[in-house]
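Undergrad: I have a structure here, written as structure tokens, and I will follow up with some questions on it.
The values are calculated or read from the model by the stated rules, or taken from the named source; none is laboratory data. As the structure is a computational prediction, the values presented were derived from the model and not from experiment. Positions of Cβ are generated from backbone atoms using ideal geometry, with glycine treated the same way; all protein chains shown enter the neighbour counts. These area figures cover heavy atoms from the full protein model, side chains too; ligands, DNA and RNA do not enter into them. Shrake-Rupley method; radii C 1.70, N 1.55, O 1.52, S 1.80 Å.
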Amino acid sequence: MVPPRSAPRTAKRTSTAHDLREAFDSLYRDHVDLMYRYASRLCGETEAAKDLVQETFLNAYRGFKQFRGEAQVSTWLYTIASRACLRMRRRQKGAPQRELSLEELVPTTDGEFHLQIPVDDLSPEEALQNKQLRQALNDAIDRLPPKYKMVLVLRDMEGLSAKEVGTVMGLNERAVKSRLHRARLFVRRELSRQGLAGSSPSQRADTDSE
Amino acid sequence: MTKRQIPHHPSRATTKPQRHRSAHCLRILRALSAFIDDELPRQICQEIRQHLGACPRCEEFVASLRQTVSLCRHSPAPVLSPDDRALMREKILAAIRQ
Ligand SMILES: [Zn+2]
């Protein structure tokens, strides 16, 4: 964890504070949207997501001097946000932290091999116009144990490489890929199990119209 | 190409349909994320493709996994309103001043 820093007690204090403030402003301006997107994918579009963003930038400000620029700024912020999220989660209730086994994620009945959702001949963008599908997807991701959820969000939603996800979460690439696979299998299973009322042809026409 | 690279199952024919959850199917399922992310050596990819061609359930499974990943990738990004952006900045600066 980043220790809070007090401003240096030197003649340069004022200019240092000024520089810090300027650096903070540009950091915030350039990355707040990215961090809000990440936070709301982790916490939902709620006050908790905003709290997480604030916590992230506050910690970033306090840790400015630790940032040496050898990592991308965004990777550094993702790291701060991920740690803050895990800290905040301990105080909230959410999906429990547990291991996912491959065994439980492999389908055993005929119906579980495909998705019960109307995506087959639609582009993902078109499919996602179906509100029920978006809801089912968000619910499935939400039910992931936190450490799997974070890997899936960073890799498949935020678009980080497996290596970058490893840097953010302090994991090796192999562990990232193993968690990612289980997370994807979990979401796939949830989507295939649940089915959707909207998978009927009439509902499907709604999303296709225009 | 007849040589198969996935070890431990040299006697299983990949060209005829198999009961799902056969050991071979399970080996394939374990590798599917790496497969769809294009991270596997070419030889193994080819072998998996051969199996998929012969095993409808694995084929269906990989399609559903691809769809799942594709939905995640295209899931709409939540957007912060300008008001919230400004308000949060004020809150952070206030916390910094404390
Ligand atoms: Zn199979």
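Undergrad: Go through B:Ile36, B:Ile92 and list them by solvent-accessible area, largest first, probe radius 1.4 Å. Spell out each step's value before the answer.
TA: Working: B:Ile36 35, B:Ile92 5 Å².
So, going from the largest accessible area down, we get B:Ile36, B:Ile92.
Undergrad: At a 1.4 Å probe radius, carbon and sulfur cover how many percent of the accessible area of segment A:127-181?
TA: Working: 910 of 2190 Å².
Summing carbon and sulfur atoms, their accessible area is 42 percent of the total for segment A:127-181.
Undergrad: Another one. In segment B:17-97, with Lys and Arg counted as +1 and Asp and Glu as -1 at Cβ, which of these residues, B:Leu87, B:Leu71, B:Ala34, has the Cα nearest the positive end of the dipole, that is, farthest along it?
TA: In segment B:17-97, that residue is B:Ala34.
Undergrad: Within 13 Å, Cβ to Cβ, of A:Arg134, how many net charges do the neighbouring residues add up to if Lys/Arg are +1 and Asp/Glu are -1?
TA: On the way: positive: A:Arg41, A:Lys131; negative: A:Glu45, A:Glu125, A:Glu126, A:Asp139, A:Asp142.
Here the count lands on -3.
Undergrad: While we're looking at this one, here's another question. If you roll a 1.4 angstrom probe over the protein chains with everything in place, what fraction of the accessible area of segment A:12-92 belongs to carbon and sulfur, to the nearest %?
TA: 46
Undergrad: Spin-label point model (7 Å from Cα, Cβ direction): what's the B:Arg73 to A:Arg174 distance in nm?
TA: For B:Arg73 paired with A:Arg174, the spin-label model returns 2.7 nm.
Undergrad: For the pairs A:Lys149/B:Lys91; A:Lys50/A:Lys149; A:Lys131/A:Lys177, flag any whose C-alpha to C-alpha distance is greater than 24 Å.
TA: Working: A:Lys149/B:Lys91 28 Å; A:Lys50/A:Lys149 19 Å; A:Lys131/A:Lys177 30 Å.
Where the Cα-Cα span goes over 24 Å, the pairs concerned are A:Lys149/B:Lys91; A:Lys131/A:Lys177.
Undergrad: In terms of the Cα gyration tensor, with a ≥ b ≥ c the square roots of its eigenvalues, is segment A:12-92 rounded because a/c is under 1.5, prolate because a/b exceeds b/c, or oblate?
TA: Verdict is prolate for segment A:12-92.
Undergrad: Chains A and B: how much accessible area gets covered up at their contact, both sides added, probe 1.4 Å, in Å² to the nearest hundred? Numbers along the way, then the final one.
TA: Values: alone 12870 and 7710 Å², together 16420 Å².
Summed over both sides, the interface buries about 4200 Å².
Undergrad: Which of rounded, prolate, oblate describes segment B:17-97, given a ≥ b ≥ c as roots of the alpha-carbon gyration tensor eigenvalues and a/c under 1.5 marking rounded, otherwise prolate only if a/b is larger than b/c? Can you show the working numbers first?
TA: Details: a/c = 4.33, a/b = 3.45, b/c = 1.26.
Cα axes put segment B:17-97 in the prolate bin.
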